[in-house]
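In what follows, a structure is listed as structure tokens, so that the remarks can point back to it.
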Ligand SMILES: Cc1cc2nc3c(=O)[nH]c(=O)nc-3n(C[C@H](O)[C@H](O)[C@H](O)COP(=O)(O)O)c2cc1C
């Protein structure tokens, strides 16, 4: 698979087959991702890979928290409190697009809740990577983390795996740190639910769009 195919062919996967992912492939993905660039070569990433019993425990604890309305206490604020256009519209389109793919009506409160809760069981993915970053680092390191995530997404795709990056799980960082024994010194940023895509899963029929280049770039000189 060439780079262009990998970039354009990758998409978020929210339904997985039961096929497990070998430790060898998970390691190979990280072997590749470690070549991501970072300012002054900080390499701020810290990853916990979870499978099997640990993953079941984590999914149970997160789902329980989300279902019972445990207050969220994310280490960082991903989204603004109030949305303005055009972001409000894009967010709405993204959410409705997913519901539509899953055959859930916009007015179906229970269905929407179920769709959202699926995040906390990692859409039944057989492997999950949890991303942490030392809280002493500056804002620049967040850019480094983003690059690292994208390299993982592309490498996983090249290995035939599907991934869903998830900021939703970052709403309960203390649970995540507790289950994988990570110190509070490390911010929990997001999870990457990973496995072989279930092509029959309705959520996996979602195809998102992108703005044309003219809409976000200007050329000077
Ligand atoms: C950092 C990050 C966090 C995300 N969090 C979630 C999430 O919690 N749940 C989810 O279903 N999708 C999540 N997504 C997936 C986005 O919705 C998806 O990337 C976007 O709609 C574009 O679709 P595509 O990945 O299929 O190209 C996240 C993506 C990123 C990059």
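Is segment 1-157 best put as rounded, prolate or oblate by its Cα gyration tensor, with a ≥ b ≥ c the root eigenvalues, rounded for a/c under 1.5, and otherwise prolate when a/b is larger than b/c, oblate when not? Provide the component values of the computation, followed by the final result.
Details: a/c = 1.41, a/b = 1.28, b/c = 1.11.
Rounded, since a/c falls under 1.5.
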Study note, to complete from the structure: Expected unfolding gain across residue 96-residue 10 under the 0.36 nm per residue rule, minus the alpha-carbon gap, is 28.9 nm
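Mean separation of Cα pairs under 8 Å and 6+ residues apart, divided by the residue count of segment 143-190: what relative contact order is that in percent?
31
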Exercise for review: Calculate, in nm to one decimal, what residue 147 and residue 178 gain on full extension: separation in residues at 0.36 nm each, minus their alpha carbon distance.
Suggested key: 8.5 nm
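Rounded to the nearest 0.05, what FRET efficiency do residue 218 and residue 64 give with R0 = 41 Å and r taken as the Cβ-Cβ distance? Could you check? Numbers along the way, then the final one.
On the way: r = 49 Å, r/R0 = 1.18.
Taking R0 as 41 Å, the efficiency between residue 218 and residue 64 is 0.25.
Let me have the relative contact order for the chain, percent, based on Cα pairs under 8 Å that are six or more residues apart.
Details: 300 pairs, mean separation 87.1, N = 221.
39 percent.
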Check your understanding: Per residue of the chain, what 222 nm ellipticity follows from adding -39500 (n - 2.57) for every DSSP H run with n ≥ 4, rounded to the nearest 500?
Key -> -12000 deg cm²/dmol
Revision key, fill the gap. Expected unfolding gain across residue 77-residue 108 under the 0.36 nm per residue rule, minus the alpha-carbon gap, is 8.4 nm
Check your understanding: Percent relative contact order of segment 107-221, based on C-alpha pairs within less than 8 angstrom and at least six residues apart?
Key -> 35
Exercise for review: Kindly identify segment 128-221 as rounded, prolate or oblate by the Cα gyration tensor criterion: order the square roots of the eigenvalues as a ≥ b ≥ c, call it rounded if a/c is under 1.5, otherwise compare a/b with b/c, prolate if a/b is larger, else oblate.
Suggested key: oblate
Check your understanding: For segment 17-93, what is the convex hull volume of the alpha-carbon atoms per residue, in Å³?
Key -> 207
Review point. In nanometres, what is the gap between the two model label sites at residue 116 and residue 84, each 7 Å from Cα along Cα-to-Cβ?
Key: 2.5
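Just so you know, all these numbers are worked out from the coordinates, no wet-lab data involved. Just so it is clear, the model here is predicted, and its values are computed rather than measured. In this analysis, Cβ positions are derived from the backbone assuming ideal geometry, glycine residues included, and neighbour counts consider all displayed protein chains.
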